[in-house]
Amino acid sequence: KTTLCMVLLDEINLASSETLQRLCGLLDNAHGSVTLTERGDSEALQRHPDFRLFAAMNPATDAGKKDIPPSMRSRFTEIYVDELVDPVELRSVAARYLSGAIETSSGNLEQNHTIMTAVDVYLNCRQLSE
């Protein structure tokens, strides 16, 4: 049996420099560790051999965002994902995300009025902000 240990840190560039520094010890090598002193721990927690850390961030050009330090950034493989602006792709993402919350009489949630309206509103707001 394989056990995967994965963590996603969303908006990592909003984390404090202290938090990022604490993560460095965990990412130094395959035997990295971290000590949770805030919890009163004095023993380090060893990294699981199958541990994977994923991080996501918006570009530092967005308001209130900053770059993460090069010492932390070098520990990741970067994949740039362009913003979705195609209505068909946006409806597909919205339909998958809201599939448990919206009922539809037809089998195609992407053609649901609520999904289509939400995508239209998003695209209109985006256009107004440019």
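The values are calculated or read from the model by the stated rules, or taken from the named source; none is laboratory data. A quick note: this is a predicted structure, and the numbers were derived from the prediction, not measured. Cβ sites come from the backbone with ideal geometry, for glycine too, and all protein chains shown count toward neighbours. These accessible areas exclude ligands, DNA and RNA; they are computed on the full protein's heavy atoms, side chains included. Shrake-Rupley method; radii C 1.70, N 1.55, O 1.52, S 1.80 Å.
I'd like the orientation of helix 87-97 relative to the chain: the angle between its Cα long axis and the longest Cα principal axis, in ° from 0 to 90, rounded to 10.
60
Once the dipole of the chain is set up with Lys and Arg at +1 and Asp and Glu at -1 on Cβ about the Cα centre, which of Thr117, Leu84, Leu14 lies farthest towards its positive end?
Checking the options against the dipole of the chain, the answer is Leu14.
Within segment 73-105, list the chymotrypsin sites (Phe, Trp or Tyr not before Pro) lying in a DSSP loop whose Cβ has at most 15 other Cβ atoms in a 10 Å radius.
Of the chymotrypsin sites (Phe, Trp or Tyr not before Pro), the ones in loops of segment 73-105 whose Cβ has at most 15 other Cβ atoms within 10 Å are Phe76, Tyr80.
Treating only the Cβ atoms of Lys and Arg (+1) and Asp and Glu (-1) as charged, compute the dipole magnitude of the chain about its Cα centre; round to the nearest 20 debye.
That gives the chain a dipole magnitude of about 380 debye.
Of all the accessible heavy-atom surface of segment 44-100, with the other protein chains kept in place and a 1.4 Å probe, what percent is carbon and sulfur?
C and S atoms contribute 56 percent here.
Work out how much length Asn29 to Val85 would gain on full extension: take 0.36 nm times their residue separation and subtract the Cα-Cα distance, in nm to one decimal.
Full extension of this stretch gives 16.3 nm more.
Using a basic spin-label model with each label point 7 Å from the Cα along Cα→Cβ, how many nm lie between Gln46 and Glu18?
Rounded to a tenth, the inter-label distance reads 2.9 nm.
Can you list the GluC sites (Glu not before Pro) in segment 1-93 that are in a DSSP coil and have 14 or fewer other beta carbons within 10 angstrom?
Glu11, Glu43, Glu78, Glu83
Find the accessible area per residue for segment 66-130; the probe is 1.4 Å, ligands and nucleic acids are left out, and the unit is Å².
Ligands and nucleic acids excluded, the figure is 79 Å² per residue.
Given the -39500 (n - 2.57) contribution per DSSP H run of 4+ residues, what per-residue ellipticity at 222 nm results for the chain, rounded to the nearest 500 deg cm²/dmol?
Computed ellipticity for the chain at 222 nm equals -10000 deg cm²/dmol.
Hey, can you grab everything whose amide H is under 5 Å from the amide H of Leu9? Only 5+ residues off in sequence or another chain; H modelled, so Pro and N-termini drop out.
For Leu9, whose amide H was placed from the backbone, the distant partners under 5 Å are Phe54, Ala55, Ala56.
Given charges of +1 on the Cβ of Lys and Arg and -1 on the Cβ of Asp and Glu, with all other atoms neutral, how large is the dipole of segment 73-130 about its Cα centre, in debye to the nearest 20?
Roughly 240 debye, rounded to the nearest 20.
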